[in-house]
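Heads up, the thing below is written out as structure tokens.
The values are calculated or read from the model by the stated rules, or taken from the named source; none is laboratory data. What you see is a predicted model, and the numbers here were worked out from it, not measured in a lab. Cβ coordinates were reconstructed from backbone atoms using ideal geometry, including for glycine residues, and neighbour counts include every protein chain displayed. Heavy atoms of the whole protein, side chains included, go into the accessibility calculation; ligands, DNA and RNA do not. Shrake-Rupley method; radii C 1.70, N 1.55, O 1.52, S 1.80 Å.
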Amino acid sequence: MDWSFQEKSICGSLVVTAGLFSYYFLKVFEVLASGTSSAVYGLPFVLIGVIIAMVVVEVVYHVLIALRSEPETEDERDRLIEARATRYSYFVLVAGCVTTVGHAMFAGFFDAAGQADLLHGPIMIANFIILSFVLAEVVGFAMQLYYYRRGI
Amino acid sequence: MARCHIRNNIRELRALADNMTQQDLADQVGVTRQTIFAIEKEKYSPSLEVAFRIATVLGVSLDEVFTFEPN
């Protein structure tokens, strides 16, 4: 069975999101590994570049698959799959936010490596939240693909 | 999750309806071809409205299209 436009769209979004944000969080990890507090100030610019790249790639990809696909509108099965997958996204997002709040409030008590300033700065806290959003999106996309392939 | 307890014989009924294609059935019912495919493969249970629409398009009653098999 060939893939519908929705499945192609979700698969592309999954790959693009996971790929580009893997690159971004690799940069974040490099900053953390360097132990240099001032290095975090370059991360917002990397993030802006990743977002712009993501928008461009997604637009081009969706235009290409739309040109090669038959016209389709979203039907009840598409809406049901999206709704079910969103539940899992929500759980991941909540878990990420709770973890971030716990880290922001309590990690300093266990800061044996003395990296509290680096990890507690607003940019790093923001990165933890961004990571939660990205993981939630990736899980949502993956669950949608699972339901499309295996049934719901 | 992948298999439901509602069985159907849409594929056979389409053949009896002048070999109606999945796309034709989907267009008349108002869903995508992939949804009709998923219903025929019993990977998706349609809503009551869609089930009635399928039966109406195929010109048969609902219980001639779908059957429920309890555990």
Please work out which one of (1) surrounded by 14 or more Cβ atoms within 10 Å (Cβ to Cβ); (2) modelled with pLDDT under 95 is the condition B:Met1 fails and give its number. (1)
Restricting the search to segment A:120-142, which residues are out of contact with any Pro (no Cβ under 8 Å at 6 or more places or on another chain) and under 20 Å from A:Tyr41 (Cα atoms)? A:His120, A:Gly121, A:Pro122, A:Met124, A:Ile125, A:Ala126, A:Asn127, A:Phe128, A:Ile129, A:Ile130, A:Leu131
Residue check for B:Asp24: over 20 Å from A:Glu70 (Cβ atoms) and more than 11 Å from chain A (Cβ to nearest Cβ): no
Taking segment A:36-73 as the search range and keeping residues that are in contact with a helix residue (DSSP H, G or I) (Cβ under 7 Å, 6 or more places away or on another chain) and not in a helix (DSSP H, G or I), which one is modelled with the highest pLDDT? A:Ser69
Please indicate, with yes or no, whether at least one residue in segment A:82-96 is away from chain B (no Cβ under 14 Å) and touching a Leu at 6+ places or on another chain (Cβ under 7 Å). yes
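Mind checking which residues of segment B:30-71 are acidic (Asp, Glu) and in a helix (DSSP H, G or I)?
First, the residues of segment B:30-71 that are acidic (Asp, Glu): B:40, B:42, B:49, B:63-64, B:69.
B:Glu40, B:Glu49, B:Asp63, B:Glu64 - these are the residues of segment B:30-71 that are acidic (Asp, Glu) and in a helix (DSSP H, G or I).
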Is it fair to say A:Val101 is β-branched (Val, Ile, Thr) and open to solvent by 60 Å² or more (accessible area, probe 1.4 Å)? yes
Looking for something in contact (Cβ under 8 Å) with a residue 40 or more places away in the chain, facing chain A (nearest Cβ under 10 Å) and open to solvent by less than 60 Å² (accessible area, probe 1.4 Å) - is there at least one such residue anywhere in segment B:41-49? yes
Look at B:Asn9 and say whether it is more than 10 Å from every other protein chain (Cβ to nearest Cβ) and either touching a helix residue (DSSP H, G or I) at 6+ places or on another chain (Cβ under 8 Å) or among the acidic types (Asp, Glu) (or both). yes
Enumeration of residues in segment B:23-39 that are touching a helix residue (DSSP H, G or I) at 6+ places or on another chain (Cβ under 7 Å), open to solvent by 30 Å² or more (accessible area, probe 1.4 Å) and not basic (Lys, Arg): B:Gln23, B:Gln28, B:Gly30, B:Phe37
Checking the conditions here, which among B:Arg14, B:Arg53 is on the phi < 0 side of the Ramachandran plot and within 12 Å of chain A (Cβ to nearest Cβ)? B:Arg53
Do we have any residue at all in segment B:51-59 that's open to solvent by 40 Å² or more (accessible area, probe 1.4 Å) and without any contact (Cβ under 8 Å) to a residue 24 or more places away in the chain? yes
Leading residue by the ranking (most open to solvent (accessible area, probe 1.4 Å)) among those in segment A:1-33 that are of a type in the set (D, E, K, R) and part of a helix (DSSP H, G or I): A:Glu30
